[in-house]
Amino acid sequence: MNAVELAPPAPVPLVEEPENYLSVSHTVASWLLTTDHKRIGILYLYSILFFFVIASFAAATMRLELLNPQGGLVLSETYNKLFTIHGVLMVWFFLIPSIPAVLGNFIIPMMIGARDVAFPKLNLMSWYIFIGGGLFALYSIVSGGVDTGWTFYTPFSSTYSNTHVIAMAAGVFVAGFSTIITGLNFIVTIHKMRAPGMTWFRLPLFIWSLYSTSVIMVLATPVLAITLALLSLERFWGIGIFDPKLGGDPVLFQHLFWFYSHPAVYIMILPGMGVISEIIPCFARKKIFGYHFVAFSSVAIAVLGFLVWGHHMFVSSQSVYAGLIFSLLSFIVSVPSAIKVFNWTATLYKGSISFDTPMLYAFGFIGLFTIGGLTGLFLACLGADVHLHDTYFVVAHFHYIMVGGMVMAFMGGLHYWWPKITGRMYPELMGRLAALITFIGFNFTFFPQFLLGYLGMPRRYHTYPPEFQIFHVLSTAGASILGVGYALPVIYFLYSLRNGKRAGANPWNATGLEWQTPSPPPKDNFARVPVVKREPYDYSPFEKERTQNV
Amino acid sequence: MSEKSAAVAHQFETIEQQREAATLGMWVFLATEVLFFGGLFMGYTYTRWSYPYTFEQASHHLDATIGGINTAVLLLSSLMMALAVKSAQLGKRKPLVTYLLLTALLGMVFLGFKALEYHEDYVDHIVPGIRGFNFEGGSPRHAELFFWIYFAMTGLHAIHVTAGIIVITVMAVLAWRRSFSSEHFMSVEVTGLYWHFVDIVWVFLFPLLYLAGHR
Amino acid sequence: MILPTRFYIKVCAALFALLALTWGLAYVDLGSLNLGIAMGISIAKAVLIMLFFMHVRDSGRLVQLVACAGFFWLLILLGLAMSDYQSRGWVPTRRPDLSQSHPASKGEVPRGL
């Protein structure tokens, strides 16, 4: 007989929390050395938020400066640095990585039924490269900034500017490789790692959008890299390729720069369109109208987007005949985007619409993107562009698309997938409030700028005739409201991490493989490889609990 | 031939899937490289269109004989690389190592000739950006543009060659250590794709830079 | 697909033959055709290398598409950008008489309209 008395067994907890990708380890090393696409997405989220804040401060300072026709808050040189930093950081360190590197990284493997992306270690490397580029950019800012505008036009940037151009160019160059690697990873992942039964036309439209985005990333970004390298060589050694005094041509720089930068704006909007294509069917409880049209439109935008760059150069001494071709192509490229807007609208028709936060952002996107897109057509007209080029009209146009469109889509996507990413619900009322505040603030900020531009106010100027002041005051007032609209989600998202209601696997009752996993998902996403048999977006008016899609 | 267990990376289901992904990944990367060099080709195209006569004059200053030999060296190295991949496909370790080393060796011969050339250019005072650039011809400034483009394109290419040599040498070491088998050799194949691409770039650079003007 | 060694050697021989052709062409003055033909020969070399050394001929359609995509996109850049320069109507540069010791001292900077 055993004299030792065994202690009674420890009480078994009533509810066992399953292991998920967050709880699997809490060490710093497990984050910084992770190859899990979900953790990498979160690393990117914090990184881009950091740069967004800096760029927003630059914008806020600019808007304060513009309250007064004579300026007075900052020197002209400083103002030049502010709009440059705002542009560079927002474009390369916030918008371009936003949906692809955060939501794309997190969701793509889950949407296609894979355990991870094709090259997880490359994925991690892309984040470190992004940080490296960011460090160069920060160094440039801290040591005095750059005043060339985010477009780095020569010969000012190559010969005359006295600011830290090369450091900033290096930052963008390095960050560009992060983009290329991400795009490469997504292309191979989407081609080679779809679950059995997941044919191309069963893929969610988010995947089609991100695939098209990745094609652009991969083909356009290298040209930017070599252009910035040439710019740096010109600046450092005076090679002369962009300087007319030395036999070069500044318009050559513009051709090379815009060959990348126009497709870059499609890098910045296509993922947003992908998010909208996910949100609308879910909150209208209806299959997307014209799935094939939307899918092919994404590809068409990616391809056609490479053919229109000259519309940034209509008044640069580019040949009128080339201008004609670029103008025509610019009109054509608007067609696939319009097709998407029609299809989203048709999806809403006779749908069962609920006004949850993601849907509010989607509505905002459709309206504001449409306005932005239509004003793009104004600019695509050669004659009109002569009047509107380099005015606030252009500024308003691209902010309607990038902020009214892309940032709203990003917010919508973040709210939509937040329960999946964190396992928590955000407070719905706060969400709707923030969406509304953002929409109102946005329109007050940027609509007056259309009028300003049409009336002749140039961009990148911080002093102006007194008759423009009313528009600038409106715009700045709007910007302060917009700031509140952006600050609120930061607060309640952080709050939700601890105190939010716990989310189930599929709080929105949405279709898609990513909703078939627990929230937050386990490290390898799926317990076993799913087999896809159903068509995408098979929402039905007769609601029932969404069961396993296998 | 012994094989390291053909371990499939955890994100893949089968070794075929992994191999296809690696191949596709390398091809996508090569597409980015085409565009990367492509920017320089654009600079070349514009500058040559602007100053055709000076371009041809300046091109005569380059040593086309060395350029031609270098082209032959790279073409031969591509053959070696193709035979290396074939050896890997057949699981033949010693030929694989031999061909890989020959490829790397020919790559180094290429770099050696380039170093010789660059030295010659320095002696002839046609290296731009440093003191002493002297071009006896109609438009020294425009000739300087040509030489900048020449050094940028061949310099970028040489960097790629160097990276290739390093990777090929690493492959040779791994091959010696029996890391590959006839099922598991995708690293060799993918390295081969990269090396052939580097060769293709040079195939275009040679006539454009060295043979711009007829002799 | 495993190709016989002899085949690889034949491809390499063809490449060397094309190289000899490239070299020989440099000694013949065909005016503006020189560049076009030289590029054509280079393309032929590139195609041989891609089809056989890089196994594009035996790869799936996806790889073949990706293999062409880069070059095709580069042609977009070169083509559309040069269409700008060539349609501006700038005075084309003239090849100075080679018997002169110095061409026009202003160089060949194209003048605008």
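The numbers here are math on the coordinates, done by the rules we state, and not lab data. Predicted, not measured: the structure shown is a model, and the values here were computed from it. So basically every Cβ, Gly included, is an ideal-geometry build from the backbone, and we count neighbours across all protein chains shown.
What the table below lists for this structure:
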quantity	calculated
Around A:Leu329: net Lys/Arg minus Asp/Glu count, Cβ-Cβ under 15 Å	-2
Distance between modelled label sites at A:Trp31 and A:Asn68, nm, 7 Å Cα→Cβ extension	4.2
Alpha carbon centroid spacing (whole Å) that separates the stretch A:219-288 from the stretch A:305-365	17
Straight-distance crosslink candidates among lysines, where the alpha carbon sits under 30 Å from B:Lys86 and sequence neighbours closer than 8 are dropped	A:Lys121, A:Lys192, B:Lys4, B:Lys94, B:Lys114, C:Lys10, C:Lys45
Inter-label distance for C:Tyr27 and C:Leu62, nm, one decimal - labels placed 7 Å from Cα along Cα-to-Cβ	4.9
For chain A, fraction of C-alpha pairs farther apart than 45 Å, in %	15
Proximal aspartates and glutamates to B:Lys92, defined as alpha-carbon separation beneath 17 angstrom and excluding residues fewer than eight positions away on the same chain	B:Glu3, B:Glu183, B:Glu189
Taking the stretch A:38-516 and dividing mean pair separation by its residue count, relative contact order in percent (alpha carbons under 8 Å, at least six apart)	16
Number of partner chain Cβ atoms within 10 Å, mean per residue of A:209-219	3
Span-like helix ranges in chain A, DSSP H, alpha carbon extent 27 angstrom or more, Kyte mean at least 1.6	A:165-192
Proximal lysines to A:Lys501, defined as alpha-carbon separation beneath 25 angstrom and excluding residues fewer than eight positions away on the same chain	A:Lys38, A:Lys420, A:Lys523, A:Lys544
Burial ordering of A:Lys350, B:Lys86, fewest other beta-carbon atoms within 10 Å first	A:Lys350, B:Lys86
Order of A:Ile491, A:Ile301, B:Ile69 - criterion: other Cβ atoms within 10 Å of each residue's Cβ, fewest first	A:Ile491, B:Ile69, A:Ile301
Ranked A:Met402, B:Met108, C:Met39, criterion: other C-beta atoms within 10 Å, fewest first	C:Met39, B:Met108, A:Met402
More than 16 Å apart - percent of Cα-Cα pairs taken over the stretch C:1-54	46
Shielding by partners, peptide A:336-344 (average Cβ within 10 angstrom, other chains)	0
Nearest 10 degrees, 0 to 90: helix B:93-123 Cα axis against chain B principal axis	10
